[in-house]
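Some notes on the structure that comes next.
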Amino acid sequence: MLRVEELSHSFLNGNETTAVLQQISFNVHKGEMIALLGSSGSGKSTLLNLMAGLMKPTEGQIYISDHNIVEMSENRLAEFRRKHIGFIFQAYELISHLTVRENVELPLVFQSIHPSIRKKKSLALLEQVGIPDKAELFPSQLSGGQQQRVSIARSLITEPSVIFADEPTGNLDTKTEDEIISILKHLNQTMKTTFIIVTHEREVAAQTEKIITLRDGFLVTEQEAAQDQLQAGGILIEN
Ligand SMILES: Nc1ncnc2c1ncn2[C@@H]1O[C@H](COP(=O)(O)OP(=O)(O)OP(=O)(O)O)[C@@H](O)[C@H]1O
Ligand SMILES: [Mg+2]
């Protein structure tokens, strides 16, 4: 469903290049829920933004449902993103002067879908994420966890093949974090949407089917990741 091949990315600062991702390759199958785990600065957001087509990599290829998004023109990619890709942000990114329902419907407005169909779909999704009673309120009238539910509903309304989430629970307390992760798991199971979730928390990652770990821009094996974890816990490994 998603294939990343030999992906590398560098940023240019002045005349100095910093390599942020190096030779990353992996596959994600349709309907999987994957965590992208790594400490701050390891390159998680960069990798997610590349996979979501928000920027172009220095090297390598990215295929979504067999379409190479690296080689697409900007226009074609914008259209592809609207149809096939959903995104959930840490800071929700809702539009304050639109109601909850209007925020959820927004991606469909750009697709000229009839208002009555938009309304039906958005209300059904708000029901799915557990806030059917908040449809006519404004984002500022909702708690952080509720706002993230709105943003999840919005990401699903176009029925994308894959949803990318960058630290979706980063601004929430542990209890609300658990609720949001449960919602994502439930949606993953019922709607068969593929989810790729960035987190730096092992407890969040542990709830997904598969974990991809980054360390300083490199993909690490499960064994190396386990060693990282032991060392982080203060246990020394003698070889
Ligand atoms: N636009 C940019 N220009 C230059 N360097 C950048 C840019 N964006 C990110 N970087 C650098 O790339 C590295 C990886 O950043 P990235 O945001 O992908 O990390 P992250 O794993 O998401 O971290 P965090 O957990 O703190 O969000 C960092 O060293 C960062 O300084
Ligand atoms: Mg990040």
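Structure data summary
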{"item": "Residue match in the range 105-119 (condition: touching a Lys or Arg at 6+ places or on another chain (Cβ under 8 Å) and within 27 Å of LYS44 (Cβ to Cβ))", "result": "yes"}
{"item": "Check on SER25, away from ligand 2 (no atom under 16 Å from the Cβ) and touching a strand residue (DSSP E or B) at 6+ places or on another chain (Cβ under 7 Å)", "result": "yes"}
{"item": "Only listed residue being open to solvent by 70 Å² or more (accessible area, probe 1.4 Å) and over 30 Å from SER182 (Cβ atoms), chosen from LEU12, LEU21", "result": "LEU12"}
{"item": "Those residues of the range 46-70 which are surrounded by fewer than 19 Cβ atoms within 10 Å (Cβ to Cβ) and either away from ligand 2 (no atom under 13 Å from the Cβ) or among the small types (Gly, Ala, Ser) (or both), in sequence order", "result": "MET55, LYS56, THR58, GLU59, GLY60, GLN61, TYR63, SER65, ASP66, HIS67, ASN68, VAL70"}
{"item": "Residue ID - farthest from ligand 1 (Cβ to nearest atom), chosen from residues in the range 186-222 that are assigned to a strand (DSSP E or B) and open to solvent by 10 Å² or more (accessible area, probe 1.4 Å)", "result": "LYS210"}
{"item": "Residue within the range 80-92 that is closer than 22 Å to ARG149 by Cβ, in a loop (DSSP other than H, G, I, E, B) and not hydrophobic (A, V, I, L, M, F, W, C) present", "result": "yes"}
{"item": "Single condition GLN128 does not satisfy, out of (1) at pLDDT below 95; (2) within 18 Å of the chain's Cα centre (by Cα); (3) at negative phi", "result": "(2)"}
{"item": "Any hit, the range 94-101, residues being among the hydroxyl-bearing types (Ser, Thr, Tyr) and at pLDDT below 95", "result": "no"}
{"item": "Residues satisfying the stated conditions in the range 152-175, i.e. open to solvent by 40 Å² or more (accessible area, probe 1.4 Å) and more than 16 Å from ligand 1 (Cβ to nearest atom)", "result": "GLU159, ASP173, THR174, LYS175"}
{"item": "Long-range neighbours under 6 Å by Cβ, at least six apart or interchain, first residue more than 20 Å from LEU142 (Cβ to Cβ) within the range 169-197, second polar (S, T, N, Q) and open to solvent by less than 70 Å² (accessible area, probe 1.4 Å)", "result": "PHE195/ASN188"}
{"item": "Of all residues making up the range 111-134, the number that are under 27 Å from GLY170 (Cβ atoms) and either open to solvent by less than 40 Å² (accessible area, probe 1.4 Å) or not in a helix (DSSP H, G or I) (or both)", "result": "6"}
{"item": "Strands (runs of 3 or more DSSP E) wholly inside the range 1-70 containing at least 2 residues that are within 10 Å of ligand 1 (Cβ to nearest atom)", "result": "2-13, 16-28, 33-37"}
{"item": "Neighbours by Cβ (under 8 Å, 6+ apart or cross-chain): first from the range 12-40, more than 14 Å from PHE164 (Cα to Cα) and among the small types (Gly, Ala, Ser); second within 16 Å of ligand 2 (Cβ to nearest atom) and in a strand (DSSP E or B)", "result": "ALA19/HIS9; GLY38/THR213; GLY38/LEU214; GLY38/ARG215; SER39/ARG215"}
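The values are calculated or read from the model by the stated rules, or taken from the named source; none is laboratory data. None of these values were measured; they are calculated from a predicted model. Neighbour counts run over all protein chains shown; Cβ positions are idealised from the backbone, glycine included. We work out accessible area using only protein heavy atoms, side chains counted, and drop any ligands, DNA or RNA first. Shrake-Rupley method; radii C 1.70, N 1.55, O 1.52, S 1.80 Å.
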